[in-house]
Amino acid sequence: MNTNAKKYRNQLYIALTTITGLASVIAVCVVIQIRGWLGKKVEAIWEDEVWDAARVEEEKSNQSNDRLPESVAWMNSLLASVWPLINPDLFASLVDMLEDVMQASLPKVIRMVSIDDLGQGSEAVRILGIRWLPTGAADQSVDEEGNLKKASDKEVNDRGAPGQGEEEDVENKAKEEDDPEASKKGQENKQQEQEQQAIREGMEAEQGDFVNMELAFAYRARSSGKSIKSKARNAHLYLKFYLPGGIFVPVWVELRGIIGTMRLRLQLTPDPPFFSLCTLTFLGQPRADISCVPLSKHLPNLMNVPLISSFVQSSIDAALAEYVAPKSLTLDLKDMLVGDDFKKDTVTRGVLLILIKEAKDFKEGDGGIGPMDGSSDAYVTCSWGKFGKTISSTRIIEKDQNPKWHEWAYMLVSPEELNAEEKLRLQLWDSDKHTADDDLGRVEVDLKELMHSPKTKNKQCDRVDRFRGQDPTENMPGTISWSVGYYAKTRITEDQLASQTEDGKIKTKENLKKQVSDTAERKLREATEHDESREANQQKTQDYQERENALICASPPDPKYPSGILSIQIHNITGLEVEALQKKDKDNELNREDEAEQSDDLPSSYCTIILNHKKIYMTRTKPKNAKPFFNAGIEHFVRDWQSAEVMISCRDSRERENDALLGIVYLPLAKVFEKRSQVMDMYPLVGGTGFGRVRISMIFRSVDLQLMPEQIGWDYGTLEIKGPVKSKGQLPEDLMNHRIKLRSKMGRVKMEPGNGEWHPKNDDSSQFIPWRNRYAMPLTVEFRKSSLGPDSTPAFAVFWLQDIPDEEERTVTLNVWKGGKENLKRATTCSGYEGLEENEKPLGEIEVTMKFWRGLSGYHKRYARKEKNGDVRSVMEVLDTVNDEIQSDDDIDGVDDSDGSDSSQSGNEGHSNDESTSKKLATHTNQPDSSSDDDDRSKNPLKKAKKVTTNIMKGHNDSDDGTRGAVGQMRDYKDHHRQLHRQHRGVMQWRAARTADWALGKARRGKGKVEGIFEHSEKSNGVETEV
């Protein structure tokens, strides 16, 4: 008994000790938390009292009759009066940026975050002090006494990159390279050239042109109660954190205070509103203090909860850090005050045109083992040396030490590259299937040298350069043959001057120069600059550029220069909502108007930009917003604006569903730029599950480049082979009896021999092959011989589609070469095949009549169904919508009204054939896969069962008979089910069906992840995003 009692006492003692310890730890933690909370509370009360005292003192000073020294009190009084009147929509761009920063750094547990409201409150920002800086000091430091410190040795211009390509005088620079005397003379005139450059560009600060100042600012919220109404008087954000399952957590973020110092530089202009550009930067990280409050008066302040408080605080700090020196923000005050928020010119200065020809004698990527020789799976990427991101890439040529690509690349040159003093980098890689690719060497060329050298300015220059390593002093084996040229934006042409609608008095360049000169001299008649001619020249240059841009915007692009830079900007969408399909939603539709912007059913929208049936850009998702503000876009090189098409789609991001298509905007550039080179308009979203109007601005600027007709085609298209294929010359007799197969990497067609020709099996006049990467993929014609086992290819012919233009019928002659595995591989991967053996001659020739139809078609649907081709699949859905909703209406409106006279009948026959072929290739929602003819011969029992079902439902209902039985209704649904499903009608109006469809699609495409695991992946730079 004594032993048990003792054991019991020990256990009790241990339990009491443990409980006491835990209680002590908890008590200490509670005390620490209460102490911290009390400390912050006391500090907040103290700061509120200090700020309130300062406000009261300032108000008494303003009301006093005593004469006061000059101060910023008048400015604070003005701000206090104006601040509550400012439209909160002016802060939409700030909300957009802050939302993007938060979206990019979300914890995994949170799916999305949205800023539903931003209010500046009634308490204004206060200016603590302003210090005037000497003219031209915006890019220099200032000591405590206001004097300029010594400038750095390397002067950096803070207004952009100096040197427009078309205005840079570099003839002397070219001479310096070959003539020492010219070099010496160039050094003597260096200062003079810099001054002339400053006048041409208008980039340097001169007296009277700029106002530079430094100001300290602060904001402190007034003490508020627990109610949201009282807190709304201060600057605030209303956030929603969306969790998986559609759950959201509303949080009220109150800006308690902020303090910082910024430096401003205002550019003055003689024209109202007298301010042009404003460059601002923070001198150090501004200190911001926030308070997070849940939307319930019973819950505590969440500022001390690590997850939400640290996330919101870090997001605000990150957004402010984007403008801390040396970073800056440049605002065009002139456009903002006048009301123009769209571009009048592209940011891009010009385009680098690069032709990658071949590489040889370079290092082997995969070394040889014993008798096996080494080899490389080579490809070349184009990028900027400092930025590093791949902009363009060639195809991969496997196991070849002398690859010949002959591929073009286009790189836009913007002020960012010029300011960073970038270099063009061509890098040779060895592609590996499962590991990181190997660097085989690189070539770097200074960008400014390419822009200003007479050898590359607006012309191509052939080069052969030796590869170097990552260290510029390291030589690597091998050379690359390529050509490069820089093409600047064109100035306004005489045709554009004649067609512009901005000013009827200007019809020639002489009229423009005279008007600019007279206007500039009139503006500066009161100028106080000592060198008046210099100031006048600078003003004339600036006015000429502004006037020229305005005239270019008011005239259509010059057809003589079809290639150029397209800028697309998606500003915002108004009235965005999802159509109410359920009856219970329609009954409440009239009562939902006041709640339109607070509804939980609002779409989480994002937009994509599709150029020539290729997705090039995607915005961020704006969660649960009826008026999403994007202000995002892209600048892209366009080979031919007259044939280019832009489609903008708006989708609703959803969980466990395919993203619903809310609507599209179809913009053929030939129609958009029919009268102007710059447009900005509101376009309705059509063809989807929602409504809304999207504001889009576009501008096109031509570059001084005139490509051949064969070079301005689309990458996606469908090749039409018009039978028969004919033999030409002395083709061996045995080859005449072989069938032929014409193929690409995406499809193939077969033809049977007969009478020296080859005809399609089904007696069709034309055969169609889908195409992608048109400038990097050849047409292969194989002569197939039946044999025991796999069929052999005794001969073949190859044709690269970069040698024919779009939508022009051509009859081409192809050389027929001796077959063989290595021969066929070499011919289909490397351009300019002339046989593997020395002095090898072709076996004969064949004639093929073909036509390349630009754009995606129904023949691409099988390719789009694969898992890795999600972008093409979404583009196909948008294209279906365009053909169903838009172009079908245009076809009805554009019926030919000709009288059908005999004189025009033969001429119209070819046109009608082309029109019927174009309609056949146009993809529609309910159109089956055009390349699925082989399914009829399939042995798969599921496909056979599907065929039987299809035969039962075969046929269409009579359009003049309105009666519908069970079979008739099923036929109607069969004819329109895909279109109904896209609009979430029919069975897809229920979410369970949409979720099942999403899951089924994932399962079907799952095998696509396994396909190609032992193949080289394509080196694509992907779709640009707003990140």
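Throughout, read-outs are computed from the coordinates displayed, never taken from laboratory work. Note that the structure is predicted; figures quoted are calculated from it, not measured. Cβ atoms come from the backbone with ideal geometry, glycine included; neighbour counts cover every protein chain shown.
Results, tabulated for the structure shown:
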read-out: Projected label distance in nm at Glu834 and Ile130, using a 7 Å step from Cα toward the beta-carbon; value: 7.5 nm
read-out: For Val578, Val113, order by how many other beta-carbon atoms lie within 10 Å, fewest first; value: Val578, Val113
read-out: Residue order, fewest to most beta carbons within 10 Å, for Cys650, Cys830, Cys29; value: Cys29, Cys830, Cys650
read-out: Length-normalised contact order of the stretch 717-850 in % [C-alpha pairs under 8 Å, at least 6 apart]; value: 29 percent
read-out: Theoretical FRET efficiency, 1/(1+(r/R0)^6), r = Cβ-Cβ of Ser786 and Asp764, R0 22 Å, to 0.05; value: 0.45
read-out: Potential lengthening between Met97 and Asp366 on full extension [0.36 nm per residue; Cα-Cα distance subtracted]; value: 92.2 nm
read-out: Radius ratio Rg over Rh of the stretch 717-850, counting only Cα atoms, Kirkwood formula for Rh; value: 0.93
read-out: Shape of the stretch 436-519, Cα gyration tensor, a/c cut at 1.5; value: prolate
read-out: Ranked Cys461, Cys607, criterion: other C-beta atoms within 10 Å, fewest first; value: Cys461, Cys607
read-out: Solvent-free Debye scattering, log10 I(q)/I(0), computed from the Cα coordinates of the stretch 699-792 at q = 0.19, 0.23 Å⁻¹; value: -0.98, -1.21
read-out: Full-extension gain in nm, Ile247 to Asn737, via 0.36 nm per residue minus C-alpha separation; value: 169.5 nm
read-out: Difference of contour (0.36 nm per residue) and Cα-Cα distance, Lys514 to Glu322; value: 64.8 nm
read-out: Solution diffusion estimate, µm²/s, Stokes-Einstein, the stretch 354-488, Kirkwood Rh from C-alpha pairs, 25 °C, viscosity 0.890 mPa s; value: 159 µm²/s
read-out: Normalised contact order of the stretch 354-488, rounded percent, pairs of Cα under 8 Å and 6 or more residues apart; value: 28 percent
